[in-house]
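Enquirer: Mind having a look at this structure? Questions to follow.
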Amino acid sequence: MHTSSDLVLVLAVFGACLVEMVEALTLVVAAGVSRGWRSALEGAAAALAVLAVLVVAVGVPLIRYMPIDALRVVVGALLLVLGLNWLRKAILRSSGHKALHDEDAIYAETVAELNEDSDAGSSRPSKGRDPVGFAVAFKGVFLEGTEVVLIVISLGAAQHRLGLAALAAVVALVLVGIVGIVVTRQLSEVPENTIKTVVGIMLSSFGVFWVGEGAGIHWPGSDLAIPVLVGFWIVVYFAYTALLRTQLPAPAETVTEEATTP
Amino acid sequence: MTTSLARAARWLGRFLWDFLVGDTPELALATGALVAIAFILAGSEWLGAVLLPLLAAGFLLASTWRGRKRAPSGSTRP
């Protein structure tokens, strides 16, 4: 396998994990601040353990027992669905047709909801685990992490580089965790939408490549077609964004996204 | 036990549906079409390598165009 496709794999997994874990961190910090840190951290750790088991339990048998061409078509299709969705959102956001993802708003909303729960009688226990804080942190990390797991398994299995893909995800996870602990707050300054755009471009590139490769299309230059596809999707992204900007109703409305979207 | 398993299976099914199809079923359908087209073009080199990304980009344009029409309708959750 060429270094270029390994590099794109690492960047795609690292970027996807970075974005999703920043979103998860927002919910963990909200749970920690509102309901206590012990439960929030335990919830996050439990979700990470489940996700790690999923990677091993699903990824390893896929690599060992599924024929490589069938595997590439399946994971290519999966990456294409995810990548096209991420690119679609990125284009709509950067052209002004969709609200930017706002971690500050999501954080404030989650804290307010958790505080409302406290007021409504679901009070925080003075000792031991707080089930609400545990559940919010677990759900946040598990749901955001599932997308990362799918990307790690897909990219890792298709290229037989599951270890490398998992390592890239772990490095991003540790990085977000350390920064989150140091600043003890959600990371709203991370250029999340830009990273999502980059990851969307990479997932779409890998998706098209593996679907074609698995189905029997011979890519000119073999794996070197991947960087070419990345360039193609970059052009598509900028062209579509420019096109959709011309379609904005005047005056453009600025809206704030209220809910977490994957 | 059986009820719990059925509930878990339903939850997983709903989760995967929302995750992969969600509010953009056209992209899921487009991916299926691209897989079928890839098999039709199997064995080709330049034709498949050129046509497959172009078709994917075409499907993406159609989907974003559809999103553009719905987005500015006053909703705060486009």
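None of the figures in this text is laboratory data; all of them are computed from the coordinates on show. These numbers come from a predicted model, not from an experiment. Virtual Cβ from ideal backbone geometry, glycine too; neighbours counted across all protein chains shown.
Enquirer: Give me the inter-chain shielding for A:197-205: mean count of other chain Cβ atoms within 10 Å, whole number please. Please report the intermediate quantities before stating the final value.
Expert: Numbers: counts 0, 0, 0, 1, 0, 0, 0, 4, 2.
So the per-residue partner count for this stretch is 1.
Enquirer: What number, rounded to the nearest 500 deg cm²/dmol, is the helix-based mean residue ellipticity at 222 nm of chain A, given -39500 (n - 2.57) per DSSP H run of at least four residues and division by all its residues? Kindly include the intermediate steps, with their values, before the conclusion.
Expert: On the way: 9 runs with 196 residues, N = 262.
When only DSSP H runs of four or more count, the value is -26000 deg cm²/dmol.
Enquirer: So what J values fall out for the range A:162-168 if you push phi through Karplus, 6.51 cos²θ - 1.76 cosθ + 1.60 with θ = phi - 60°, rounded to Hz, Gly and Pro as x?
Expert: Ordered by residue, 3J(HN,Hα) equals 4, x, 5, 5, 5, 5, 4 Hz.
Enquirer: Where Rh denotes the Kirkwood radius from the mean inverse Cα pair distance, what is Rg over Rh for chain A?
Expert: Numbers: Rg = 19.8 Å, Rh = 19.5 Å.
Rounded to two decimals, Rg/Rh equals 1.02.
Enquirer: Take chain A, connect every pair of alpha-carbon atoms lying under 10 Å apart with a spring to form a Gaussian network, then pick out the residue of A:75, A:182, A:58 with the largest mean-square fluctuation.
Expert: Taking springs between Cα atoms under 10 Å, the residue moving most is A:182.
Enquirer: Within 10 Å of each Cβ in B:2-14, how many Cβ atoms from other chains are there, averaged over the peptide? Could you put the intermediate results ahead of the total?
Expert: Working: counts 0, 0, 0, 0, 0, 0, 0, 0, 0, 0, 0, 0, 0.
Partner-chain Cβ atoms within 10 Å, mean over residues of B:2-14: 0.
Enquirer: Another question, then. Within 10 Å of each residue's Cβ, count the other Cβ atoms and sort A:37, A:233 from fewest upward. Each step should come with its number before you reach the end.
Expert: Working: A:37 16, A:233 25.
The fewest-first ordering by Cβ neighbours comes to A:37, A:233.
Enquirer: Eight or more residues apart or on different chains, and alpha-carbon atoms under 24 Å: count the Lys pairs in the protein assembly as shown matching that.
Expert: Lysine pairs, 8 or more places apart or on different chains, close enough: 9.
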